[in-house]
Structures are given as structure tokens and as C-alpha cells.
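S.K.: Just passing along the structure, written as C-alpha cells.
The values are calculated or read from the model by the stated rules, or taken from the named source; none is laboratory data. All values reported here derive from a predicted model rather than from experimental measurement. Ideal geometry is used to build each Cβ from the backbone, glycine not excepted, and the neighbour counts take in all protein chains shown.
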Ligand code: GDP
Ligand code: MG
């Protein structure tokens, strides 16, 4: 599908996880609209779900996670997060709880999170059993997938799944609010950044 400005929904999804787990690699399949000068990079892709055109904006950290210096602006407006670890490096899995806390502190409470065990091609080096990560994800209300950015296995599926999950939730919410239709501000596009709650907006404060 051609890139363009005609879309029904725009979803911001952030990539998080320890340095070296393959976040930037995972993003390779997207069109890069790099904005590395401001310390983030993002890529976009347009896909169809039902009869709607969804534009996904995938944000990458440009390496800031190395210094634990991800700013709250990175998380602002994100409706989804891919929390990536390396199946061959246990410490990156152990740090998942820290990343979840980071999301709790900085992201919208309703953000949809997918736990992604990357580098599944490194079978001989596996340090995190699939079943353990799957159970952890279930306990924490995360979806779960293992991927290999190297051989492109499941990367596509990870993005498709999280975007479909987001779409399902957003569209059911707009059904609930159907007495007050969403009015696009400009043109014919609707941008959904996150659930807008004026209370959290006011108390959101800053860093
Ligand atoms: P980031 O710091 O999380 O953005 O990680 P990068 O995307 O920079 O990847 C770190 C290293 O892991 C690079 O050398 C990649 O080539 C390698 N890498 C990324 N994904 C995979 C994968 O699925 N399998 C293997 N074997 N290596 C990978
Ligand atoms: Mg990176």
C-alpha cells in the first residue's frame, strides 16, 4: 500500500528494551523517516484492517536507552509498546520488569504492550525458555511473541498483532462514545494518540 496522508487512524508505537536486543533491526522493514537529530527515530507503515487504513508510526530510541535517558516525550501519545529482549541474553529479560515500570511511570495507563523475545534464530544460545516468558507475559497482561529480525521470522506478525489489538480497542471505544462522534480537526483524517482523559492531562505534570 502506498504511503500517504490518507489514513483513518494514526497509531504511535514505541520500541523499548535494553540496548543490543535488536530494536533498531526490527524496525528495518519499515520506511525510515528518521528524526535522529531530536534523539528519536521513527519509521512509518500503512496497513489495512477491516475497511480502515491504519498508519503506524514506530518510534525508536536512537540509542538513548544505553544511558537510561529516555525522555517522557518519547512515551507521550503512544498507544502501543513493543518491549524487546534478547532470548540469548538473560539480563535483557530480567530487565523487562524495569521497562514495565518505566512504562507505568511515563506512558498512558491503557498502553498496549507486547513482549518480544528477539533473536530466536540463536537456538543454541537460548537463555530464556519460551514457556517462562509466555507465563510472565500472561501474568502481566502482555501479549507475547518470539521473533528473529535476522531471518525476518515473526517480525511482520508482531507488528500486525499489536496494531490489530490497538485497533480493536480503539474502535470499540469509539463505538461506546458514538453519541459524541469524533470530529477530525483538519482534513478527513482522525488521529488517535491515546485515550484522552482531561484529568490525567492536567495532573500529568512533568519530569
Ligand atoms: P538495539 O540496540 O536494541 O537497537 O539493537 P540493534 O538493532 O542495534 O541490534 C543489535 C545487534 O543485534 C546487531 O548487531 C544486530 O545485527 C543483532 N541482531 C538484531 N536482531 C537480531 C536477530 O534476530 N538475530 C540475531 N542473531 N542478531 C540480531
Ligand atoms: Mg537501536
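S.K.: Just name the residue that is farthest from the chain's Cα centre (by Cα) out of those in the stretch 106-136 that are exposed (fewer than 12 other Cβ atoms within 10 Å of the Cβ) and in a helix (DSSP H, G or I).
M.R.: Step by step, filter the stretch 106-136, then rank; the result is 124.
S.K.: Being within 12 Å of ligand 2 (Cβ to nearest atom) and modelled with pLDDT of 95 or more narrows it down to one of 79, 84, so name that one.
M.R.: The unique qualifying residue is 84.
S.K.: Name every residue in the stretch 30-52 that is modelled with pLDDT of 80 or more and buried (at least 16 other Cβ atoms within 10 Å of the Cβ), in order of residue number. Spell out the reasoning first.
M.R.: Residues of the stretch 30-52 modelled with pLDDT of 80 or more: 43-52.
Selection gives 43, 45, 46, 47, 49.
S.K.: What's the total number of residues in the stretch 88-105 that are in contact with a strand residue (DSSP E or B) (Cβ under 8 Å, 6 or more places away or on another chain) and assigned to a helix (DSSP H, G or I)?
M.R.: Count: 7.
S.K.: In addition: So in the stretch 62-81, with the set limited to residues that are part of a loop (DSSP other than H, G, I, E, B) and surrounded by fewer than 22 Cβ atoms within 10 Å (Cβ to Cβ), which one is nearest to ligand 1 (Cβ to nearest atom)?
M.R.: So the first thing to find is which residues in the stretch 62-81 are part of a loop (DSSP other than H, G, I, E, B), and the list is 62-63, 68-71, 76-79.
In the following step, the residues that additionally are surrounded by fewer than 22 Cβ atoms within 10 Å (Cβ to Cβ) were identified as 62-63, 68-71, 76-77.
Details: 62: 9, 63: 7, 68: 13, 69: 14, 70: 12, 71: 17, 76: 21, 77: 21 Å.
Restricting to residues being part of a loop (DSSP other than H, G, I, E, B) and surrounded by fewer than 22 Cβ atoms within 10 Å (Cβ to Cβ), the top hit is 63.
S.K.: Right, here's the next one. Which condition number in (1) within 18 Å of residue 58 (Cα to Cα); (2) modelled with pLDDT of 50 or more is the one that residue 138 fails?
M.R.: (1)
S.K.: Looking at this structure, is residue 27 modelled with pLDDT of 75 or more, surrounded by 15 or more Cβ atoms within 10 Å (Cβ to Cβ), outside any loop (DSSP other than H, G, I, E, B) and touching a strand residue (DSSP E or B) at 6+ places or on another chain (Cβ under 6 Å)?
M.R.: no
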